[in-house]
Amino acid sequence: MGPMACLVLTLAGASALGAEVTLEVQPPQPLLEVTPWARLLNFDLIVENHTAGDIELIEVEVSALDAHGQLAARKLINQNGIQPSILTLPERTIHPGARGILFNPLYSFPPDLPLAELRYRLTYQATAGAPGPTPGPPSGATSDRPSESTGPADAARTLVVETRVRPVVYRPRVRLQLPLHGRFIVWDGHDFLSHHRRFNYTHPVLQELGFKTNASRYSYDFVPIAGDGTLHQGAEAPNEHWYGFGVTLYAPGDGRVVALADDAPDDHHFDLEAAKKNSLALFGNYIVIDHGHGEYSVLGHIRQKSARVRLGDRVRAGQPVAAMGASGSSLFPHLHYQLQTTIDESGEGLPSYFHGFKRVLGARTRRERYGAIDTGDIIEN
């Protein structure tokens, strides 16, 4: 069996029915991001409803197995309790013929826990009053557990699907350093609550733009700050009031410039029609560096006419390449950075770790020779 196995969903209960609901793991090979406090899994579960009625997610379960197939841990999100945990998950109902995306909510594991295989189990139930699927012979996995339903009719319309993933640790081959200097905050990274992580490429608008994956899956928004933690001085609106507007940006690693734009104004907007032809247009102005081995760095929202390199140039880590701006889909001046598998946004994001920085811990700092950063971290470089 490969890194991902999709089992066909069947209705479970007194009379199992054969209508299908399919499950897809994206990306097909989930990666483990290693941090000092946890190992993190960042992938999506995409469910498509082929039944005749609505289905609603009522439970998510993951079982962690070691290399011998022995259970090491199990976690649940379900309907239990007065304010059940399942309510923390949005858009749990999937209409007939529609697809739903579940950003894997059981994603964090202790550093020493064996994670040779993870078995995810999703339980759905037909929405009350919705028409059920056409009866037929069961095909695929069936439930071996009782439903938390209110009666036999509901129990007969419980749907269960399972998938197995074998995650792998990914370490970039390129040696990366942070692409800006001074003190800054990771205003939004790629933790479970970040907007980069919750990029719904199944949404009709993003489908129209051609997105099928999440190249920003492990990305960051870096914003320079003052000593008191403020992001700007005076009124917030003008770009020039932000401490980061115009600061120098540096190549995060050795490589070659393979995509570049710096004509877009710093007006916080992007051209929708241009984005349909070039997904990088979402960033307004940008520089993409090919590090080799299928690893590309993207620096987005750079300042108009600030590029210090040209297409095809070879760059070295730490070389000035542009200035921070507010072009494209930018709320305010900042640097969007991500490591990914392709030149444009058609690929997938990759975990990135950086060499030689300081982590700010209130009045003190801690030097990090190499490590991960994420949302809320305050960094000196």
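Out of segment 277-290, which residues are touching a Leu at 6+ places or on another chain (Cβ under 9 Å) and crowded, with 22+ Cβ neighbours inside 10 Å?
281, 282, 283, 285, 286, 287, 288, 289 - these are the residues of segment 277-290 that are touching a Leu at 6+ places or on another chain (Cβ under 9 Å) and crowded, with 22+ Cβ neighbours inside 10 Å.
Only residues that are part of a strand (DSSP E or B) and touching a residue at least 40 places away in the same chain (Cβ under 8 Å): list them for segment 358-381, please.
360, 371, 378, 379, 380
Determine if segment 124-145 includes at least one residue that is open to solvent by 60 Å² or more (accessible area, probe 1.4 Å), at pLDDT 95 or above and under 24 Å from residue 50 (Cβ atoms).
No: zero hits.
Testing residue 274 on (1) open to solvent by 30 Å² or more (accessible area, probe 1.4 Å); (2) part of a loop (DSSP other than H, G, I, E, B), one condition comes back false. Which one is that?
Going through the list (1) open to solvent by 30 Å² or more (accessible area, probe 1.4 Å); (2) part of a loop (DSSP other than H, G, I, E, B), residue 274 breaks only (2).
For segment 60-101, name all the residues that are among the β-branched types (Val, Ile, Thr) and loosely packed, with under 13 Cβ neighbours inside 10 Å.
Those that are among the β-branched types (Val, Ile, Thr) and loosely packed, with under 13 Cβ neighbours inside 10 Å: 82, 88.
Of everything in segment 233-258, what is assigned to a helix (DSSP H, G or I) and touching a residue at least 60 places away in the same chain (Cβ under 8 Å)? Give them in sequence order.
Of everything in segment 233-258, just one residue is assigned to a helix (DSSP H, G or I) and touching a residue at least 60 places away in the same chain (Cβ under 8 Å), namely 239.
Only one of (1) crowded, with 24+ Cβ neighbours inside 10 Å; (2) within 25 Å of the chain's Cα centre (by Cα); (3) not small (Gly, Ala, Ser) is not met by residue 303, so which one is it?
Answer for residue 303: the failing condition is (2).
Restrict the check to segment 183-198 and report whether at least one residue is modelled with pLDDT under 95 and surrounded by fewer than 15 Cβ atoms within 10 Å (Cβ to Cβ).
Checked against the condition, which is being modelled with pLDDT under 95 and surrounded by fewer than 15 Cβ atoms within 10 Å (Cβ to Cβ), segment 183-198 yields no hits at all.
For segment 57-86, enumerate the residues that are in a helix (DSSP H, G or I) and over 20 Å from residue 191 (Cβ atoms).
Within segment 57-86, 86 is the sole residue that qualifies.
Here are some residues: 202, 230. Which one is without any contact (Cβ under 8 Å) to a residue 40 or more places away in the chain and either among the polar types (S, T, N, Q) or in contact with a Pro (Cβ under 6 Å, 6 or more places away or on another chain) (or both)?
Step by step, each of 202, 230 is checked, and only 230 is without any contact (Cβ under 8 Å) to a residue 40 or more places away in the chain and either among the polar types (S, T, N, Q) or in contact with a Pro (Cβ under 6 Å, 6 or more places away or on another chain) (or both).
Check whether at least one residue in segment 156-163 is polar (S, T, N, Q), within 30 Å of residue 371 (Cβ to Cβ) and at pLDDT 95 or above, and report yes or no.
no
Going through segment 306-322 one residue at a time, which ones are open to solvent by 60 Å² or more (accessible area, probe 1.4 Å) and not in a loop (DSSP other than H, G, I, E, B)?
Passing the criteria: only 314.
So, residue 261, is that one without any contact (Cβ under 8 Å) to a residue 60 or more places away in the chain, surrounded by fewer than 20 Cβ atoms within 10 Å (Cβ to Cβ) and not polar (S, T, N, Q) or not?
no
Take residue 148 and tell me if it is closer than 17 Å to residue 46 by Cβ and at pLDDT below 95.
no
Would it be correct to say that residue 55 is of a type in the set (A, V, I, L, M) and touching a Gly at 6+ places or on another chain (Cβ under 8 Å)?
no
Among the numbered conditions (1) in contact with a Leu (Cβ under 9 Å, 6 or more places away or on another chain); (2) open to solvent by 30 Å² or more (accessible area, probe 1.4 Å), tell me where residue 37 comes up short.
Of everything listed in (1) in contact with a Leu (Cβ under 9 Å, 6 or more places away or on another chain); (2) open to solvent by 30 Å² or more (accessible area, probe 1.4 Å), residue 37 misses just condition (1).
Specify the residue that is modelled with the lowest pLDDT; the eligible residues are those in segment 102-116 that are open to solvent by 20 Å² or more (accessible area, probe 1.4 Å) and in contact with a Phe, Trp or Tyr (Cβ under 9 Å, 6 or more places away or on another chain).
In this case the residue turns out to be 111.
Within segment 41-59, work out how many residues are open to solvent by 30 Å² or more (accessible area, probe 1.4 Å) and under 21 Å from the mean Cα position of the chain (by Cα).
Within segment 41-59, residues that are open to solvent by 30 Å² or more (accessible area, probe 1.4 Å) and under 21 Å from the mean Cα position of the chain (by Cα) number 1.
Within segment 1-34, count every residue that is at pLDDT 50 or above, over 18 Å from the mean Cα position of the chain (by Cα) and open to solvent by 20 Å² or more (accessible area, probe 1.4 Å).
Number of matching residues: 2.
The values are calculated or read from the model by the stated rules, or taken from the named source; none is laboratory data. Just so you know, these numbers come straight off a predicted model, no measurement behind them. Every residue, glycine among them, receives a Cβ derived from its backbone with ideal geometry; neighbour counts consider all protein chains shown. With ligands, DNA and RNA removed, areas are computed over all heavy atoms of the protein, side chains included. Shrake-Rupley method; radii C 1.70, N 1.55, O 1.52, S 1.80 Å.
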